[in-house]
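To start, the structure itself, in structure tokens.
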Amino acid sequence: MKIVGVAACTAGIAHTYIAREKLMKGAQARGHEIHVETQGTIGIENKLTQEQIQSADLVILAVDIKIGGEERFKNKKIVRVPTATVIKAPVQFMEKVEKELSVSK
Amino acid sequence: MAKSKNFTVIKNHILTGISYMLPLIVGAGVCMALGQVIGRLIGAETLEIEGSLPWVLVQIGAWGLGLIVPVIAAAIAYSIADKPGIAPGVIIGFIANQIEAGFIGGILGGFLVGYLVRAIMKYIKVPKSLQGLMPVMIIPLLSITISGLIMYFVIGGPIAYLQNSLIGFLESMQGGSQFLFGGILGSMATFDFGGPVNKTMSMFADGLLVEGVYGPEAVKFVGSIIPPFGITISYFLTKNKYTKSEKESLKAAFPMGIAMITEGVIPIAARDLIKVVGSCVLGSFVAGGLIMTWGVEAPVPHGGLFVVPLFTNPWLFMAALGIGSVITGVTLSLWKKQVTEEDEAFDEMESNSVDDDAIVFTVEG
């Protein structure tokens, strides 16, 4: 799958970035292509491009707070998850997402 | 399931509020504390002189801190109702400040405004020619008037009463009960290494900070820093009780601890949950109790060891931190068992150590 994601935690200084890293590791371990944007206290980094969003099959929002620009993902399949889950078990999380999606298809 | 989902949504709104409030509280809080430190250095009387540098710094901080409640109210309303929530959110927060409903009033006010704005957008229909008036006139006017009246006449009074009695209760506490209270707060701050229990305690402390009660905030510092420090001490006492990858984790966890980020110890706690949590809570209980009894106060909510010089009684804070960390370290070293080969293998399955049911997410679209 092609995946785009956003990571954002409450304080926006540490977990946001750990979540991004883990999310990318987890997705890559399961053979997906992934781009992840962070919305920390410093603002948006690694901003997703229009093309990345357009070609993505799935959006993963690993967020604990309201994020900016959610309207970009309109009409996309969105998985919403707390940052803690992604940080704890990235690969297992991806596996469960895959399972869930193939069931709901 | 539906219930827990609502809970998550509400939690999200509060966390959004806090995330917008944090930089303000840190910036203004440190500025204020800086003024006090400079004032003490060049002579305490300068703090009383209007226009002197320390006086102005303290003023800037105080004015900034006065905006905490409006900002958290506005951010919560924004989280619920998007941009139209901001203006009425700021105002309801200001009202909450004025009628002494403070932090709690601000949070509830934010929710009130947020959902009110959402309802107005949903139920009030205007002819197309007046559509332009909706965001600039109708929504702000209606939401501000209605929520302002509710805040003033209905919920403001009881909240102010609750808040004042809580603060009165905290200030009247002495000796043993103070130690117990600090101990419980310290344990909560440590218990789940930055998880929901820690965040609950943290919000409680932040709320009191806004009201000018600084003790619990110092307990939060000590409770957040003890786990990484204590475990590090334990590692140096008994290196044979830690696996290779735990050693690696500790290299990151310790500096994170200096910055007051507890979560670095989670990988170490995962293998030996009860022992690690148990000894950390024990250390934090004692340290939290000491902080409350010794009257250590933290006028800032975050910043790790770097902001300790701004505390009241920074040396006593360091003493409490040291005592708590040593208790944690020694207890853990005595309690933990030597590493076996099986333990080393545990690290390999890092990503599969979680119960499948613990992984919860929602799928939309």
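Below, the figures for the structure above:
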read-out: Residue check for A:Q28: assigned to a helix (DSSP H, G or I), free of Cβ contacts under 8 Å to residues at least 24 places away in the same chain, more than 13 Å from chain B (Cβ to nearest Cβ) and open to solvent by 10 Å² or more (accessible area, probe 1.4 Å); value: no
read-out: Selected residue (criterion: most open to solvent (accessible area, probe 1.4 Å)) from residues of the stretch B:315-344 that are free of Cβ contacts under 8 Å to residues at least 12 places away in the same chain and not acidic (D, E); value: B:W315
read-out: Count of residues meeting criterion [among the hydroxyl-bearing types (S, T, Y), more than 26 Å from B:A270 (Cβ to Cβ) and either within 12 Å of the chain's Cα centre (by Cα) or more than 9 Å from every other protein chain (Cβ to nearest Cβ) (or both)] in the stretch A:59-105; value: 1
read-out: Candidate set from the stretch B:269-279 (those that are closer than 23 Å to A:T85 by Cβ and either free of Cβ contacts under 8 Å to residues at least 60 places away in the same chain or out of contact with any Phe, Trp or Tyr (no Cβ under 8 Å at 6 or more places or on another chain) (or both)); member that is least open to solvent (accessible area, probe 1.4 Å); value: B:V276
read-out: Among (1) hydroxyl-bearing (S, T, Y); (2) within 12 Å of chain A (Cβ to nearest Cβ); (3) more than 27 Å from B:M151 (Cβ to Cβ), the one test that B:Y20 misses; value: (3)
read-out: Residue in the stretch B:28-35 that is within 14 Å of another protein chain (Cβ to nearest Cβ), within 21 Å of the chain's Cα centre (by Cα) and either surrounded by fewer than 22 Cβ atoms within 10 Å (Cβ to Cβ) or within 22 Å of B:T145 (Cα to Cα) (or both) present; value: no
read-out: Subset tally (residues that are under 19 Å from A:G40 (Cβ atoms) and touching a Phe, Trp or Tyr at 6+ places or on another chain (Cβ under 7 Å)) for the stretch A:67-85; value: 3
read-out: Failed criterion for A:L23 (all others in (1) part of a helix (DSSP H, G or I); (2) open to solvent by less than 20 Å² (accessible area, probe 1.4 Å); (3) facing chain B (nearest Cβ under 9 Å); (4) at pLDDT 90 or above hold); value: (3)
read-out: Flag for A:E37 being more than 14 Å from every other protein chain (Cβ to nearest Cβ) and not hydroxyl-bearing (S, T, Y); value: yes
read-out: Filter result for the condition that a residue is assigned to a strand (DSSP E or B) and open to solvent by less than 60 Å² (accessible area, probe 1.4 Å), over A:I65, A:I34, A:I53, A:I44; value: A:I34
read-out: Single residue of the stretch B:229-268 satisfying the filter (of a type in the set (D, E, K, R) and either touching a residue at least 60 places away in the same chain (Cβ under 8 Å) or part of a loop (DSSP other than H, G, I, E, B) (or both)) that is farthest from the other protein chains (Cβ to nearest Cβ); value: B:K241
read-out: Subset of the stretch B:39-69 (residues that are of a type in the set (S, T, N, Q) and part of a helix (DSSP H, G or I)); value: B:T46, B:Q59
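The values are calculated or read from the model by the stated rules, or taken from the named source; none is laboratory data. In this text, all values refer to a predicted model and were calculated from it rather than measured experimentally. Cβ: placed from backbone, ideal geometry, glycine included. Neighbour counts: every protein chain shown. The accessibility values were calculated without ligands, DNA or RNA, using every heavy atom of the protein model including side chains. Shrake-Rupley method; radii C 1.70, N 1.55, O 1.52, S 1.80 Å.
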